[in-house]
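What follows draws every value from the coordinates through simple rules; no lab data is involved. Owing to the predicted nature of the structure, the values given are computational and were not obtained by experimental measurement. Reconstructed Cβ throughout: ideal geometry from the backbone, glycine too, with neighbour counts over all protein chains shown.
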Number of protein chains: 2
Amino acid sequence: MTDAHVISFECDATDGAARTGRVRTARGSFATPCFMPVGTRASVRTLTSADLEDLGAEIILGNTYHLMLRPGADLIAEFGGIGGFADWHGHVLTDSGGFQIFSLEPKVTDEGARFRSTYDGSYHHLSPEGSVEVQQKLGSDIQMVLDVCPPLPSPLSVVRAAVDRSAQWAARAKLADAPARSMGSTQAQFGIVQGGIDTALRAESAHRTVEIDFDGYGIGGLSVGESREEMLPALAATTEVLPTDQPRYLMGVGDPVSIVEAVALGVDMFDCVLPTRLARHGTILTSQGRMNLRNARFAADHEPLEPGCGCSTCARWSRAYLRHLLSVSEPTAARLTTIHNVHWLLRLMEQARAAIGAGTYDQFRRSVGAVWS
Amino acid sequence: MTDAHVISFECDATDGAARTGRVRTARGSFATPCFMPVGTRASVRTLTSADLEDLGAEIILGNTYHLMLRPGADLIAEFGGIGGFADWHGHVLTDSGGFQIFSLEPKVTDEGARFRSTYDGSYHHLSPEGSVEVQQKLGSDIQMVLDVCPPLPSPLSVVRAAVDRSAQWAARAKLADAPARSMGSTQAQFGIVQGGIDTALRAESAHRTVEIDFDGYGIGGLSVGESREEMLPALAATTEVLPTDQPRYLMGVGDPVSIVEAVALGVDMFDCVLPTRLARHGTILTSQGRMNLRNARFAADHEPLEPGCGCSTCARWSRAYLRHLLSVSEPTAARLTTIHNVHWLLRLMEQARAAIGAGTYDQFRRSVGAVWS
């Protein structure tokens, strides 16, 4: 089945298990390791597609749960997908909707999940097949299969049941996408590995997911309550099993230390609301660590958020001005701090790629850890 | 005293009482008739200075009341004024703070007004001299004198008392600014005409204000509760008295019909929160009138907000996308609609200038009235 894959991972360099290269798609390609800003409702909160172009983002994430409810997948399909709707010409990955839905305490059966909309309380149903259909309409470059993601800690029986049901749902999702694929669809489909922090279950889930054969592999169910010390062995047990010639995506993880550690284990793709959410609350990412812009010591500070930063916010505005805008709740504050934080994290990924290319990744990883741990 | 003026009005063309030209200042010049977007807290709500440059705005307004309380005039002075603080290189006009303060039911004496901050309830005092001092620190290109602006309708005795006190305060404001002027300050100072809708009082107030001799003249106390039919004669009675070689600024008026009517009476400058506030609520300015973007009929509309519009929002995004962002409260919606509305109003002023130059202003005025009345 391998030659049926619609995307490929082209490795330029490795350093230990870390690797850098490009994911080739029907649309073009994007460099990895990469961070995908989260465009929940067909917009990365406070930013436009023009802002994302200026930031050099190559791929963003869209949330199936939100978009299927507002404005609805059919409407987005009519505009040529999320890209056409938002006039975004880069790549889009959509999640399956499962992660949001499982946080709503849905009624789950083998068939799928029944849940209530957070917008108007109406009832909806999402099955593996339904999620495929919605994501086809959303027109993303990469769709994710519907999985079961238990919070941690959970009893082992719950984690095992999630692995089993996720494997069954993954097979159904692949089947559901087959007609489109046979009609020439170039939308990639990623399976998702579960298994909590149990390394044996992780390896089993990885084997079972790879057996179904996807274009790439998501690693789900991590950073959902466990410590980083618990997460990393589970992640390692997963990446060891995954094919080296396909992309690997650690879902929902975005703190700098976890990113650099996961890259060291061979992860290629990340997404997280962390940099954008922190920005809106005035928490700034810098090479010295987090900076709380609300702190009174910045009230008269002429420096940019981070001296030497190449983002468009740091090019023009002082900490004092941005702190003022934040203090009086001017919406411009959130946009300008978001631009900085997204730029900062995209730049971190660029540095990771360069370090892998130069064979100095371990040094880079430790330098990030020293600041952020 | 005339040769002591720090700004001048250079008339390029007239059409009836309407006139077009440039106001020359120490900073440069700006074309008139002009609309000044309102940058209440050193930011035009949802926009950056970069956005305002892209929009071609030449002058914005800053609010003394808000800025003296947050972040404080001394801090802004330390950054070289509002322009340095916001990295805005165009012109800035500051109001006196009076308009906001009078809406807080202050205790007013001959000395000035005592009021409570809307930010923290603390007590503050603003006098004509204090307002000059604050505006000097804010570093605007044009400062306004503190005046008394009664709402309409008000008893004639109240309007007369406002004219008298405004004249006394104007003289004190001019005196208060004299030391800076003799030290070479190039910050212009505008007096303000009051008088409600009483044409005799308007003429009297205009004469008394002109007698004090300012760099330009604000026309205050209009669009504060009266009808347009009551406003325009009072405005005409004012502009007839004002010197033709100095700029005239109708304060707080921004609806398209009032603007084109006021321009016909010889007004050069306008400001209003209308286009930005409407935008945030989804009301779009178009050549066909107001459009409520929240209306369900735009849900699947592929058209831009206004076909043919040259703004950066209309260049890329559909009504459907913008309506979606508005419906799910994405902050990007307000920014993109604000860009359109400000562009639209700046373009209306451009059209007014062109019509005066072409001698077709009356036709232009009637065409705007036909859509917007």
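For the stretch B:201-210, putting each phi into the Karplus relation 6.51 cos²θ - 1.76 cosθ + 1.60 with θ = phi - 60° gives couplings of 5, 4, 4, 4, 4, 4, 4, 5, 6, 4 Hz, in residue order, rounded to whole numbers and with x for Gly and Pro. Percent of C-alpha pairs per 10 Å bin in the stretch A:45-195, short distances first: 11, 39, 34, 15, 2. Working from the Cα coordinates of chain A, the gyration tensor eigenvalues give, after taking √(5λ), semi-axes of 32, 24, 20 Å in decreasing order. For the stretch A:356-373, 3J(HN,Hα) computed residue by residue from phi via the Karplus equation (6.51, -1.76, 1.60; θ = phi - 60°) reads 5, x, 8, x, 10, 5, 4, 4, 4, 4, 5, 5, 5, x, 5, 7, 9, 6 Hz, glycine and proline entered as x. Inter-chain Cβ neighbour count for A:327-338, averaged per residue, equals 5 (cutoff 10 Å, partner chain atoms only). Determine the relative contact order of the stretch A:278-372: mean sequence separation of Cα pairs under 8 Å and six or more apart, normalised by residue count, in whole percent. After rounding, I find 29 percent.
Can you give me the distance in nm between label points at A:Asp362 and A:Asp54, each placed 7 Å from the Cα along the Cα-to-Cβ direction? Result: 4.1 nm between the two label points. When the Gaussian network model of chain B links Cα atoms closer than 10 Å, the mean-square fluctuations of B:Asp120, B:Asp110, B:Asp245 top out at B:Asp120. Spin-label pair B:Ala17-A:Ser329: with each label point 7 Å from Cα along the Cα-Cβ axis, the two points sit 4.2 nm from one another. The rotation axis taking chain A to chain B passes closest to this chain A residue's Cβ, listed with the gap in Å: A:Pro331, 3.
FRET efficiency for the B:Glu105 to B:Glu10 pair, using the beta carbon distance and R₀ = 35 Å, is estimated at 0.25. Under the criterion of Cα pairs below 8 Å and six or more residues apart, the relative contact order for chain A equals 17 percent. Can you give the relative contact order of the stretch B:45-114 as a percent, counting alpha carbon pairs under 8 Å and 6+ residues apart? RCO, the stretch B:45-114: 36 percent. Proximity of backbone amide H atoms, modeled 1.01 Å from N, is registered between B:Cys34 and B:Met269, B:Phe270 at under 5 Å, excluding neighbours fewer than 5 places apart on the same chain.
Counting neighbouring beta carbons within 10 Å and listing from fewest to most, the residues A:His207, B:His66 come out as A:His207, B:His66. When chain B is treated as a Gaussian network with alpha carbon springs shorter than 10 Å, the biggest mean-square fluctuation among B:Val224, B:Val210, B:Val92 belongs to B:Val224.
3J(HN,Hα) along the stretch A:57-67, derived from phi through the Karplus expression 6.51 cos²θ - 1.76 cosθ + 1.60 where θ = phi - 60°, amounts to 5, 9, 8, 10, 10, x, 9, 4, 3, 5, 6 Hz, with x in place of Gly and Pro. Equivalent ellipsoid of the protein assembly as shown: semi-axes from √(5λ) of the C-alpha gyration tensor, largest first, are 59, 27, 21 Å.
Distances between placed amide hydrogens fall under 5 Å for A:Val253 paired with A:Asp271, all partners being 5 or more residues away or on another chain. Distances, shortest first, from the label point of B:Pro307 to those at the same position in the other copies read 5.5 nm; the point lies 7 Å along Cα to C-beta. The order of B:Tyr123, B:Tyr217, going from fewest to most other C-beta atoms within 10 Å of their C-beta, is B:Tyr123, B:Tyr217.
Between this copy and the others, label points of A:Thr360 are 6.6 nm apart in ascending order, each placed 7 angstrom from Cα in the Cβ direction. Note on chain B: with a GNM built from Cα contacts shorter than 10 Å, the maximum mean-square fluctuation among B:Thr64, B:Thr238, B:Thr46 falls on B:Thr46. Across every pair of non-identical alpha carbons in the stretch B:278-372, the mean reciprocal distance, once inverted, gives a Kirkwood radius of 13.9 Å. Tally Lys and Arg at +1 and Asp and Glu at -1 over the other residues with C-beta under 11 Å from the C-beta of A:Cys34: what net charge comes out? Result for the local shell: -2. Working from label points 7 Å from Cα in the Cα-to-Cβ sense, the A:Arg24 to B:Arg277 distance is 5.8 nm.
Here's how it looks for A:Asp12: its modeled amide H is under 5 Å from those of A:Thr20, A:Gly21, A:Arg22, which are all 5 or more places away or on a different chain.
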